[in-house]
Structures are given as structure tokens and as C-alpha cells.
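Before any comments, here is the structure.
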Amino acid sequence: MKKSNLPVIIVLQKNREGINCLLLKFRYNNQIRLILKEKFSSVWSKTERGWIVENHLKNLKLLFQELKGIAEIDTSQLPLKKNSKNNLKSLSKFGGNKAMVPKSFNDFLKRRRYSPNTVKTYSSFIIEFQEFIDPLALNKACFDDIISYVNYLVSVKKVAASTQNQAINALKCYYENILGWQKFSMRIERPRKEKRLPKVLTEKEIIRMIQFTDNLKHKLIICALYSSGLRKGELLSLRKEDIVFDKNLIFVRGGKGKKDRTTVLSSHLKKLLGVYLNEYKPNYWLIEGVGRHKYSPTSVGRVLSNAAKKANIQRVITAHMLRHSFATHLLEQGLDLRYIQQLLGHGSSKTTEIYTHVSSKSLAKIKSPLDTYLKGKSTDLKRLKK
């Protein structure tokens, strides 16, 4: 899309006679001036050379709503801080009416068999967007409203690129499938993808976490995540019957993308499972919580956090880090990427190839050109001839 030629309003935070205010600065524009006077009861400041309005969320929301298509709102200089009374809070605080997800959209997500996490995420963004455009109804919104909302997420809430993408996906899903909008994706810019390397633990760190964990169930959780490369949700959805002891396999039902697969059952995990099943006697789920219900994701996070503290690991440890470690360590052992891809359940080999960038043994084989040059020479760089 072409760069906007609209006038830019720079929003600053100012303290005026002990009152927290917003200072709006822009080149003279009579249309903007009239809107500010009528909608915001703004006051012109000769000393600041700008318009003064009260600093609260409602006014900032109105700026985006009233000036869409008229001006671009630049909030990059606002000192936004989380949990600060004088700064902006989440979009869920917008609007006076309690927004709800349309039944037609909720039914559509169920028919498509979206995962509970996706349903929850999409629903939250639809509610946020309703609050943003309030009192306008969802089916009365136009594409400019969506652009304003995305601008708000980026400029005001300063969300991550992944969150911005999720919001766009949620709105695309609703407006294309429920209201029949066409070419949604072609009309809105997607954020550039962040290319982050996976965080990996060393073998020694993982062994320490296992050794310092005394609770049998907790030990099993750590071992299963690492030794089989399971996602947290996949581990919690395992049933007793999914453990194929005779063939040393774990059957993963409905993994990411609703795909079934098998992964390895290590001999050590197999022994640990035997002890665990004899002692805990789970009824249906392999790992059960209170009342024999499915173990909660939050509890898994606590298990890993406590194990990391006991093992004196100063980083925040997640279940996915153990999955990344499983793939990286297999690669370092010489296992072909195609097999690792199959064990992880990746749809594309390109996804699995990222582990080649974090394999320490692969990097260790690379010789620096400085070492090549200095081979057989004095290692004292000060004595090298120019």
C-alpha cells in the first residue's frame, strides 16, 4: 500500500498546572482544529504551540476514531508504561457496553474444529475490536476501522509482531467467513516476521533439573518433554493407551494442525513410566491433576520453574525449550533432519532446519580465519609484525 499523505498529529504527554495532559502538535489544518474543539474541548497553548486535551484513554480512542482518514496519529513519543494509572491500558477497557463474540462466529470456529487456544485468542480480538469501534456494530465497520485498530495496537499498545498478526488473522477470519469480505489480506500490511533462534538448554542443565526433582510425577513431566520432543499440550493430552511399550513408541493424537504422529519412548522414560503407573495408577489421562482431571498447563510451568531454580539455572525455562533441546541434541548426535522433522511433527523441513543454527557441535567444527592465519605462529598478538 502507498504511504499515507495525510497530515500527522504528534501526541506528547505534558504536565500542565499539575494536571496530566496530552499535547497535540500538527501543521495548521482547519478541519482538524474544528474536530478538536468540538469533540475534545481542547485548548490552544501559545507556549507549547499545540492543542491541549485531557490525558485519558477515552480521548486517545476518540482521536483514532474521529480522525481516521483525516490524519495519522503518531503516539511514538508517549512514555507508555504497564500498570501505570496515568498511561494507556488495554483495549478491553474501551466502551461502556460489554462486547460479546457473535454466535455465528463462535459456531463457525466450532465447525472448523479450531483448537481451544485459537478460539480463545480469536474471540478476545473480536471483543477488543468491538470495544474499539463502540458504539459502531461489527457488521457496520469498514476497512478504515480495522486499519485504525491495527495502528492502535502497534502505536499505542506496542504489541509484538506475532500479536499483531493474530489480531489480523482473527478479523480476517470473521469478516471473510461471516460477512463475506473479499481480498482481506491484500488490503492490509503484515508485520515482518521476527527470525528468532530457539532457546536451547545443555544436556547437563536438563540432567540437573531431573536429578534435583524429587516428585515422581514432576520428574516424569520433565523427562517426557525432553526425551520425546513433545509439546506441552501434547503431553497433557496423552492417554495411558498412547504409550506403546512393546515398540518403544509414544502415539501423539491430534498434534498441531490436527495431525497424529509417533515419537520415541526412551528406555529410561520407559522405566520411569513403569514406576509411575504402579504408584499413581492414573485412570484415563497419563498425567492427571486434582480429581483425576487433565493436568493443567500452569502446573507444568511451575514444575519446570521449580526444577530450574533447584538446578541453579538463571533463565526462565519453558516446555518448548525442552522440545527445542530434544531436536538440537538429536541433530548434534548426527540424526538426519528428515527423521527429526518426523519426530517433531513439522509440516516443512524448513521449520526443522532452524536447529542447525543453534547446534553447538556444528559451530565448533568451524575454524575462525584468525586461527587459520595464526596457526604455527606466536599467539601473542602484540608481537605480530604489521
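The values are calculated or read from the model by the stated rules, or taken from the named source; none is laboratory data. Remember, predicted model here, so these are calculated numbers, not experimental data. Using ideal geometry, Cβ is built from the backbone for each residue, glycine included, and neighbour counts are taken over all protein chains shown. Note: accessible area is taken over every heavy atom of the protein model, side chains too, but ligands, DNA and RNA are not part of it. Shrake-Rupley method; radii C 1.70, N 1.55, O 1.52, S 1.80 Å.
Report yes if some residue within region 218-228 is at positive phi and open to solvent by less than 40 Å² (accessible area, probe 1.4 Å); otherwise report no.
no
Looking for something out of contact with any strand residue (DSSP E or B) (no Cβ under 6 Å at 6 or more places or on another chain), acidic (D, E) and part of a loop (DSSP other than H, G, I, E, B) - is there at least one such residue anywhere in region 257-275?
Checking region 257-275: at least one residue is out of contact with any strand residue (DSSP E or B) (no Cβ under 6 Å at 6 or more places or on another chain), acidic (D, E) and part of a loop (DSSP other than H, G, I, E, B).
Scan (1) over 26 Å from I354 (Cβ atoms); (2) not in a helix (DSSP H, G or I) for the single condition L153 breaks and write down its number.
Just one mismatch for L153, condition (2).
For region 163-183: of the residues being assigned to a loop (DSSP other than H, G, I, E, B) and in contact with a Phe, Trp or Tyr (Cβ under 6 Å, 6 or more places away or on another chain), which is nearest to V150 (Cα to Cα)?
This residue is W181.
For the condition more than 20 Å from the chain's Cα centre (by Cα) and surrounded by fewer than 16 Cβ atoms within 10 Å (Cβ to Cβ), what is the one hit in E205, E241?
None of the other options fit; the residue is E241.
Which numbered condition trips up D246, out of (1) open to solvent by less than 90 Å² (accessible area, probe 1.4 Å); (2) out of contact with any Ser or Thr (no Cβ under 9 Å at 6 or more places or on another chain)?
Only one criterion in (1) open to solvent by less than 90 Å² (accessible area, probe 1.4 Å); (2) out of contact with any Ser or Thr (no Cβ under 9 Å at 6 or more places or on another chain) is unmet by D246, namely (1).
Tell me, yes or no, whether region 269-280 has at least one residue that is closer than 25 Å to R112 by Cβ and touching a helix residue (DSSP H, G or I) at 6+ places or on another chain (Cβ under 7 Å).
Taking every residue of region 269-280 in turn, none turns out to be closer than 25 Å to R112 by Cβ and touching a helix residue (DSSP H, G or I) at 6+ places or on another chain (Cβ under 7 Å).
E194 - would you say it is outside any strand (DSSP E or B), open to solvent by 10 Å² or more (accessible area, probe 1.4 Å), closer than 30 Å to D144 by Cα and of a type outside the set (K, R)?
yes
Can you confirm whether R292 is more than 16 Å from K219 (Cβ to Cβ) and basic (K, R)?
Spelling it out, R292 is indeed more than 16 Å from K219 (Cβ to Cβ) and basic (K, R).
Of all residues in region 79-119, which are touching a Leu at 6+ places or on another chain (Cβ under 8 Å), open to solvent by 40 Å² or more (accessible area, probe 1.4 Å), modelled with pLDDT under 50 and assigned to a loop (DSSP other than H, G, I, E, B)?
Once the filter is applied, which keeps residues that are touching a Leu at 6+ places or on another chain (Cβ under 8 Å), open to solvent by 40 Å² or more (accessible area, probe 1.4 Å), modelled with pLDDT under 50 and assigned to a loop (DSSP other than H, G, I, E, B), region 79-119 yields only K89.
Name the one entry in G334, G291 that is open to solvent by 50 Å² or more (accessible area, probe 1.4 Å), modelled with pLDDT under 90 and not in a helix (DSSP H, G or I).
Result: G334 is the single residue among G334, G291 that is open to solvent by 50 Å² or more (accessible area, probe 1.4 Å), modelled with pLDDT under 90 and not in a helix (DSSP H, G or I).
Of the residues that sit in region 263-280 and are open to solvent by 60 Å² or more (accessible area, probe 1.4 Å) and hydroxyl-bearing (S, T, Y), which one is nearest to S299 (Cα to Cα)?
The extreme case among them is Y280.
Check Y355 against each of (1) closer than 24 Å to I207 by Cα; (2) at pLDDT 85 or above and name the one condition it does not meet.
Going through the list (1) closer than 24 Å to I207 by Cα; (2) at pLDDT 85 or above, Y355 breaks only (2).
Going through region 294-331 one residue at a time, which ones are more than 30 Å from T356 (Cβ to Cβ), open to solvent by 60 Å² or more (accessible area, probe 1.4 Å) and either in contact with a strand residue (DSSP E or B) (Cβ under 7 Å, 6 or more places away or on another chain) or part of a loop (DSSP other than H, G, I, E, B) (or both)?
Of everything in region 294-331, just one residue is more than 30 Å from T356 (Cβ to Cβ), open to solvent by 60 Å² or more (accessible area, probe 1.4 Å) and either in contact with a strand residue (DSSP E or B) (Cβ under 7 Å, 6 or more places away or on another chain) or part of a loop (DSSP other than H, G, I, E, B) (or both), namely K294.
So the check is Cβ under 8 Å with 6+ separation or different chains; which pairs have a first residue in region 182-202 that's over 30 Å from M321 (Cα atoms) and modelled with pLDDT under 85 and a second one that's basic (K, R) and in a helix (DSSP H, G or I)?
F184/K172; S185/K172
Suppose we filter L216, L225 for residues that are under 17 Å from S267 (Cα atoms), in contact (Cβ under 8 Å) with a residue 40 or more places away in the chain and within 28 Å of the chain's Cα centre (by Cα); which single one remains?
L225
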